[in-house]
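Heads up, the thing below is written out as structure tokens.
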Amino acid sequence: MTDASNAAPLREKKSLLVVDARTKKRNAAEARFKMYGIIAITLGLLFLAVLLTTIISRGTGAFTQTFISVPVELREDKLDKKGNRNLEDIKKVSTFGYNPLLGDALSAVIAEGGVTTEITKSKELRKLLSASAVGQMRAYVIENTDQIGQTVTFDFFASSRVDGYIKGRVTREDLARDKNLSAEHLDLVDQMIEAGVVRKKFNPSFIFGADASESRPEQAGLGVSMLGSLFMMLVVLFLALPIGVAASIYLEEFAPKNRLTDLIEVNISNLAAVPSIVFGILGLAFFIQFCGGYLGIAAMKASAPLVGGLVLTLMTLPTIIISTRAALKAVPPSIRDAALGVGASKMQTVFHHVLPLAAPGILTGTIIGLAQALGETAPLLLIGMVGYIASNYPDSVLSGFTDPNSAMPAQIFEWAKRADPAFYERAWGGIIILLVFLMTMNIIAILLRRRFERRW
């Protein structure tokens, strides 16, 4: 029998209401981790706000443009000397023949507005206007030969320097080294603004127009390249979606698990991480040089949206396959077991039960893949869609796929590298339009997921 004094001491009982040192240390660690998370989210939102603010502040100016209203007398002795309204004779009058009419009209506007200026030469006055002004007049006369002999008021684009001055992009100090415009021109512009001749307003041609040469930045638009992106996305959608979904269904539901399928899966995962410019090299070598050059397929030519769409299809396929397989794996095995248990075949189980339940994930992955393809520039560099300036809309749907064109990211890249600051402003405006497209596609993905989502 042991003595009571030799017995082990009883453990001291602690109250659950008293926080010990170990618990305090753990709570402090949790509080720090929560604080780190809040700081990370705050920094992320701050950077996003700075990014959006920068894009919007620098790009909104591209949606407005400075216009100069000029009533021009379309003199018959200059435009139709024979007076027979023969269209072929009218077309023979080049843009040089319209310059005197434009110069006289500007002088008349200045005189009627009570504007005083030291600039009297017609050539110097025309520097206020875009180089496209005479072309705009000529195109109007050719389309409306009955207006010859009448006075027509045109809203001409102001030159990029005048537009930049009104928007604050060009200062008087900048003109000290500029041969295109002088301080006297700016004094004249200030008086013309007071007279209501010069005004800034919304410019729809930036959204719906075509690109212009480096001498006419005020006329450049994004409309034709938007159409080029649309045709490319149609190619990607109608090729990548069925091929990607079919490959995913076979690999996930039907393919045997062996070394071959393991090799295919590894390669698909690796292709998803390949830089996009590699796909551009592949498109240049195979579609343009081999199919278009060696095989002589006319549709496979540089700068064609069809070729761009095929290249982006190859780039998007791994993303669609991976997201589709993930959506198929997310369907509970009990769905398959129940279908097989009531006598459904393997194919009926997949297409009648598994695929409808995986549809939200498949659609989401597809739209995200399309959005990624829409913003790609590197593959388009190598197939010529950056160096080509499309000046007109395609004549038909078929020509929209096969005729040379550009794309929105390629057009933005082209504008950003040009020297005139007006193109730089348009590059920011193009980014806004591109972001609107991307946000729209992501919103559609969210709506489709909620629309087709099912509970089990």
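If R0 is 30 Å, the Cβ-Cβ spacing of T23 and A326 corresponds to a FRET efficiency of close to 0.15. What a 1.4 Å probe finds exposed on the stretch 242-319 is 71% carbon and sulfur by accessible area, rounded to a whole percent.
Taken per residue, the accessible surface of the chain reaches 56 Å², heavy atoms only and a 1.4 Å probe. Loop-located trypsin sites (Lys or Arg not before Pro) in the stretch 149-199 (DSSP state not H, G, I, E or B) with no more than 14 neighbouring Cβ atoms inside 10 Å: R172, K179.
Residue by residue, the stretch 44-50 carries 3J(HN,Hα) couplings of x, 5, 5, 5, 5, 5, 5 Hz when phi is fed to the Karplus relation 6.51 cos²θ - 1.76 cosθ + 1.60 (θ = phi - 60°); x denotes Gly or Pro.
Counting 0.36 nm for each residue step from I277 to E214 and taking away their Cα separation leaves a gain of 20.0 nm.
Mean projected area of the convex hull spanned by the Cα atoms of the stretch 274-331, taken over all viewing directions: 4.6 nm².
Each label was represented as a point 7 Å from its Cα along the Cα-to-Cβ direction; for R450 and S122 these points are 6.3 nm apart. In terms of its Cα atoms, the stretch 161-273 spans 80, 27, 20 Å along the principal axes, sorted from long to short. Once the convex hull of all Cα atoms in the chain is built, its volume per residue stands at 312 Å³. A crude spin-label estimate for the pair L438 and S334, with each label 7 Å from Cα along the Cβ direction, gives 4.1 nm. Measuring against 18 Å, Cα to Cα, the residue pairs K127/K179; K257/K329; K167/K200; K123/K179; K92/K127; K81/K123 contain K92/K127; K81/K123 as the ones spanning a longer distance. Using a probe radius of 1.4 angstrom, the carbon and sulfur fraction of the accessible surface of the stretch 105-167 is 44%.
Residues whose amide H falls under 5 Å from that of I148, counting only those 5 or more places apart or on a different chain, are absent, with hydrogens built in the peptide plane. Placing one identical point scatterer on every Cα of the stretch 332-455 and ignoring solvent, what is log10 I(q)/I(0) from the Debye formula at q = 0.17, 0.18 Å⁻¹? So the normalised log intensities are -0.94, -1.00. For L129, nonlocal amide neighbours, meaning residues 5 or more places apart or on other chains whose placed amide H falls under 5 Å from its own, are S159.
Full extension of the chain between N270 and A246 gives 6.7 nm of extra length, using 0.36 nm per residue less the Cα-Cα distance.
If I take R0 = 30 Å and measure r between the Cβ atoms of S399 and R259 in this structure, what FRET efficiency does the formula 1/(1 + (r/R0)^6) give, to the nearest 0.05? Using R0 = 30 Å, I get an efficiency of 0.05.
Kindly provide the helix-only [θ] at 222 nm of the chain, computed as the sum of -39,500 (n - 2.57) over DSSP H runs of four or more divided by all residues, to the nearest 500 deg cm²/dmol?
-18000 deg cm²/dmol
Remark on the stretch 50-110: Rg and Dmax equal 19.8, 63 Å (Cα only). Length gained on full extension, D104 to T54: 13.7 nm, using 0.36 nm per residue less the C-alpha separation. Annotation for E173 and A111: the two label points, set 7 Å from Cα along the Cα-Cβ direction, are 4.0 nm apart.
The values are calculated or read from the model by the stated rules, or taken from the named source; none is laboratory data. This one's a predicted model, so the numbers in the text were calculated from it and none came from an experiment. Positions of Cβ are generated from backbone atoms using ideal geometry, with glycine treated the same way; all protein chains shown enter the neighbour counts. Please note that ligands, DNA and RNA were not included when accessible areas were found on the heavy atoms of the full protein model with its side chains. Shrake-Rupley method; radii C 1.70, N 1.55, O 1.52, S 1.80 Å.
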